Ligand code: FES
Ligand code: FE
């Protein structure tokens, strides 16, 4: 497996023309090492939410790929993201999960850094360094680009990466469903404190492809459906509005983002939900009414569902409303971080009610998430063997059924769409994910990866590398 890259990922490993993907991309150590360089060191990655660091000096220690980073707010209130590694000998400068500080002091020899990353303290600077160390050269390593999108903080190590909004492309419509208020106002979300973190023994792409829109695995959740953990004591979720909607897989091919989404009919009122709590039911009834009045764009007609921003950020825009990141921790291990969001102006009772529901649904103790983890764990270990890895996985479901320009009753969807209202499921989102993954593994520059900049033109990278 020494020549995966030279052979071309799309030739045998990611064969989308046939709908076959090799198990090697999940279990091979060399491919994993190359992923860190070619995917995680180049992509925009979700770091955290501004509501986690409301005041000057606040910090939250996050992760980008395998690397620890510090998300913090400096004295002037500006947001920064730094590599959490001392410039002297690499010690983790900040060993806490979150907090507030004036400076980050390295526990090893005591170098200290201000919240804007400058090296401001060096023990025995005069005596041991004879005052000659150029401190301006030894500040914390900072990300190449940072963007605060409606409170969600994103960063990339790659100065050549396109600006975040360009990276996100038309997927913004679906990301907004999680960041905007339930009543349709922009950027109203806040994080319910306490990011849940846990390890699972599988490659990061198992959860990434599941959250890309696996609508096929309902059998896994049969027991939790029967238990009825939904907010009205029925099923898993409490979203009767989905029953009047058309269900879609929407994929943005040149970006590698994809999602399930529900399209509401134009003039039908949203059915009531959350009936177990009159206060919560009234809150959502009011918000739905406001949203559909306020948002005459696609936002007002859509109900979010699992989706994925390439490479490893998962969205669940409706209840439970969460963002997850699948941090790679070696080819055979993933560290999951899950943020829980609510409308920041929601009444305390609504927040409390949702917190209880989120916890019983998601996270390491959440009934639904446990079902998923069982599958990924065993699928990974059962795919690692010498014999097992000779046989590709099957991604043939729904091949050839995607359309462009999907439109219904004044609602037009971007990208490539497979309607799954009747079909129930397709694997278009997974093919979309791995098409983009293969492009990253092969392309040497962002000029090749940003195919939309010269889409359709002669020599367009997307045309050239097709499938
Ligand atoms: Fe940080 Fe030496 S490793 S001061
Ligand atoms: Fe699931």
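Looking across the stretch 331-371, the residues that are within 16 Å of ligand 2 (Cβ to nearest atom), in a loop (DSSP other than H, G, I, E, B) and buried (at least 17 other Cβ atoms within 10 Å of the Cβ) come down to 362, 363, 366. I'm trying to understand the selection: among the residues of the stretch 93-102, which are surrounded by 15 or more Cβ atoms within 10 Å (Cβ to Cβ), within 13 Å of ligand 1 (Cβ to nearest atom) and over 13 Å from residue 141 (Cβ atoms)? The one that is surrounded by 15 or more Cβ atoms within 10 Å (Cβ to Cβ), within 13 Å of ligand 1 (Cβ to nearest atom) and over 13 Å from residue 141 (Cβ atoms): 94. If the condition is being over 26 Å from residue 354 (Cα atoms) and either touching a residue at least 60 places away in the same chain (Cβ under 8 Å) or within 25 Å of the chain's Cα centre (by Cα) (or both), then the stretch 259-277 contributes 265, 266. Of all the criteria given as (1) within 15 Å of ligand 1 (Cβ to nearest atom); (2) loosely packed, with under 15 Cβ neighbours inside 10 Å; (3) over 30 Å from residue 333 (Cα atoms), the one not satisfied by residue 89 is (3). Looking across the stretch 319-330, just one residue is part of a loop (DSSP other than H, G, I, E, B), buried (at least 20 other Cβ atoms within 10 Å of the Cβ) and either outside the structural domain of residue 376 (by TED's automatic domain parsing) or touching a strand residue (DSSP E or B) at 6+ places or on another chain (Cβ under 6 Å) (or both), and that is 321.
Please enumerate the residues belonging to the stretch 372-390 that are assigned to a helix (DSSP H, G or I) and either surrounded by fewer than 18 Cβ atoms within 10 Å (Cβ to Cβ) or within 16 Å of ligand 1 (Cβ to nearest atom) (or both).
First, pick out the residues of the stretch 372-390 that are assigned to a helix (DSSP H, G or I): 372-381, 388-390.
Correct list: 374, 375, 377, 378, 379, 381, 388, 389, 390.
Kindly provide the set of residues from the stretch 282-304 that are surrounded by fewer than 18 Cβ atoms within 10 Å (Cβ to Cβ) and part of a helix (DSSP H, G or I), ordered by number. Working first, answer last.
Filtering the stretch 282-304 for residues surrounded by fewer than 18 Cβ atoms within 10 Å (Cβ to Cβ) gives 282, 285-286, 289-290, 293-294, 296-297, 300.
Of everything in the stretch 282-304, those that are surrounded by fewer than 18 Cβ atoms within 10 Å (Cβ to Cβ) and part of a helix (DSSP H, G or I) turn out to be 282, 285, 286, 289, 290, 293, 294, 300.
Every test in (1) farther than 30 Å from residue 404 by Cβ; (2) in contact with a helix residue (DSSP H, G or I) (Cβ under 8 Å, 6 or more places away or on another chain); (3) not in a helix (DSSP H, G or I) is passed by residue 220 save one, and that test is (3).
Quick one: is residue 193 at pLDDT below 90, in a strand (DSSP E or B) and more than 16 Å from ligand 1 (Cβ to nearest atom)? Don't jump to the end; show me each part of the working.
Details: at pLDDT below 90: yes; in a strand (DSSP E or B): yes; more than 16 Å from ligand 1 (Cβ to nearest atom): yes.
The answer is yes for residue 193.
The residue of the stretch 355-371 that is farthest from ligand 1 (Cβ to nearest atom), among those that are touching a strand residue (DSSP E or B) at 6+ places or on another chain (Cβ under 7 Å) and closer than 15 Å to residue 200 by Cβ, is 362.
Take the conditions free of Cβ contacts under 8 Å to residues at least 60 places away in the same chain and either more than 16 Å from ligand 2 (Cβ to nearest atom) or more than 27 Å from residue 152 (Cα to Cα) (or both) and apply them to residue 234. Does it pass? It is true that residue 234 is free of Cβ contacts under 8 Å to residues at least 60 places away in the same chain and either more than 16 Å from ligand 2 (Cβ to nearest atom) or more than 27 Å from residue 152 (Cα to Cα) (or both).
For the stretch 115-128, the set of residues classified as surrounded by fewer than 17 Cβ atoms within 10 Å (Cβ to Cβ) and either away from ligand 1 (no atom under 15 Å from the Cβ) or in a loop (DSSP other than H, G, I, E, B) (or both) consists of 118, 123, 124, 125, 126, 127, 128, listed by residue number. Pairs meeting the criteria (first residue in the stretch 104-117 and farther than 12 Å from residue 140 by Cβ and not assigned by TED's automatic domain parsing to the domain that holds residue 72, second residue part of a strand (DSSP E or B) and within 16 Å of ligand 2 (Cβ to nearest atom), beta carbons under 6 Å, at least 6 apart or on different chains) are lacking. Scanning the stretch 20-34 for residues that are surrounded by 18 or more Cβ atoms within 10 Å (Cβ to Cβ) and either part of a strand (DSSP E or B) or at pLDDT below 95 (or both) yields a single hit, 21. Those residues that are surrounded by 18 or more Cβ atoms within 10 Å (Cβ to Cβ) and either part of a loop (DSSP other than H, G, I, E, B) or away from ligand 1 (no atom under 14 Å from the Cβ) (or both), I need them from the stretch 103-113; list them, please. 106, 111, listed by residue number.
The values are calculated or read from the model by the stated rules, or taken from the named source; none is laboratory data. Just so it is clear, the structure is predicted and the values come from calculations on it, not from any experiment. A quick note on method: Cβ atoms are made from the backbone with ideal geometry, for glycine too, and the neighbour counts reach across all protein chains shown.
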